[in-house]
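These notes are about the structure you will find just below.
The values are calculated or read from the model by the stated rules, or taken from the named source; none is laboratory data. All values derive from a computational prediction rather than experimental measurement. Counting neighbours? That spans all protein chains shown, and the Cβs are built from the backbone with ideal geometry, glycine included.
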Amino acid sequence: RKEVEQDPGPFNVPEGATVAFNCTYSNSASQSFFWYRQDCRKEPKLLMSVYSSGNEDGRFTAQLNRASQYISLLIRDSKLSDSATYLCVVSPYSSASKIIFGSGTRLSIRP
Amino acid sequence: DGGITQSPKYLFRKEGQNVTLSCEQNLNHDAMYWYRQDPGQGLRLIYYSQIVNDFQKGDIAEGYSVSREKKESFPLTVTSAQKNPTAFYLCASSMGTGGQPQHFGDGTRLSIL
């Protein structure tokens, strides 16, 4: 089993739709969680950190479920500009070598 | 503007040649990282450094070398021992290693001539 697993997609949804991705992780000691966005042939950019209580940033909501060991990202009222690959990142507090990037979920928003 | 600068954007390597990728940050971050990304794949950690004059191997360090003589700089050398160097190389930095998000440069694409 991979340490961090994401559905590769692609998710193809119409503009204005709500879409959700899950990311599962295997190391129960993981402490920090992030979502990054990566556009084609570009670097990953931090979208949001994921906190235990869940957090929201505009149209984006991230949640953490420690019991089931997954994090989720919900995008509401999707825009064409949301088309990208979304990377899930899992990290324990102490070790840089244990930061794990998921392979990403591709999202394509159609007009 | 604060950020991470990678150069060059594109690089071509000849057989048997060593090439060096530059990474400079002015974010005053302690930790710096090098990743490799192959098409359709996730990021794989090559080397990381938590402090000046110290660095650690990541998952795929063979065929690569680094130095960290200054806080701002973390160059990566792709040696001739790396037989499959064609990839997208990403440098990142963070305030610390644990629990801190990483910020990336815009990458270097390396190809074999």
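General remarks:
- Of the strands (runs of 3 or more DSSP E) lying entirely inside region B:8-90, those containing at least 3 residues that are within 11 Å of the chain's Cα centre (by Cα) span B:19-25, B:31-37, B:43-51, B:64-66, B:76-78.
- Residue match in region B:46-53 (condition: within 14 Å of chain A (Cβ to nearest Cβ), among the polar types (S, T, N, Q), touching a strand residue (DSSP E or B) at 6+ places or on another chain (Cβ under 8 Å) and surrounded by 15 or more Cβ atoms within 10 Å (Cβ to Cβ)): yes
- Residues (of a type outside the set (S, T, N, Q), assigned to a strand (DSSP E or B) and within 14 Å of A:PRO92 (Cα to Cα)) located in region A:25-73: A:TYR25, A:PHE33, A:PHE34, A:VAL50
- Any chance A:ASP77 is at positive phi and over 13 Å from the mean Cα position of the chain (by Cα): yes
- A:VAL13 vs. criteria at pLDDT 95 or above, buried (at least 17 other Cβ atoms within 10 Å of the Cβ), over 18 Å from B:GLY42 (Cα atoms) and out of contact with any Phe, Trp or Tyr (no Cβ under 7 Å at 6 or more places or on another chain): yes
- Among the residues of region A:1-54, the ones that are among the small types (Gly, Ala, Ser), under 12 Å from the mean Cα position of the chain (by Cα) and either within 11 Å of chain B (Cβ to nearest Cβ) or under 17 Å from A:ARG110 (Cβ atoms) (or both) come to 1 in all.
- Scope region B:5-45; condition within 9 Å of chain A (Cβ to nearest Cβ), of a type in the set (Lys, Arg) and more than 24 Å from A:ARG106 (Cβ to Cβ); matching residues: none
- Some residue of region A:25-41 being of a type in the set (Asp, Glu) and more than 20 Å from A:ASP82 (Cβ to Cβ): no
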